[in-house]
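Please treat every number below as a calculation from the coordinates, not as lab data. Bear in mind the structure is a predicted one, so any value in this text is a computation, not a measurement. Neighbour counts run over all protein chains shown; Cβ positions are idealised from the backbone, glycine included.
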Amino acid sequence: MDTPTDGTSIAACNRGLGLLNGSGTKIGKAHLQWAFSEAAVLFLRKNPTAQLDLAKLAHKHGKAKALTILAHQLARAVDYILSRQQTFEAKKFFGPSETYRLRPAADKAASLEG
């Protein structure tokens, strides 16, 4: 393969090595993307706070993109935890609990009527 000194660009060399896609952004490791997408689904299984977070994201971005965002958040949290050798802290991951409160259905109905 040509090196950048032979007249080709660095981006062309990286594309040839599979490090970048056509737009110049990183593709990432496919096996890690798959693992974190599976982890996001399992994380949602018995975690009501995460389910509320996903509902909020899904309302804004759609369900598939919301799962991708949650998987990316998990990946960043795992990287942070492993690099600093700390334990998982839900308060840091989810933020303040006030943002995850949903109004009861009766309150919503009353606000629509009045």
Practice problem: Test residue 90 against the stated conditions and say whether it is of a type in the set (Gly, Ala, Ser) and surrounded by 15 or more Cβ atoms within 10 Å (Cβ to Cβ). | Solution: no
Quiz item: Taking residue 53, is it acidic (Asp, Glu) and surrounded by 12 or more Cβ atoms within 10 Å (Cβ to Cβ)?
Solution: yes
Quiz item: If you go through segment 26-54 one residue at a time, how many are more than 14 Å from residue 72 (Cβ to Cβ) and of a type outside the set (A, V, I, L, M)?
Solution: 7
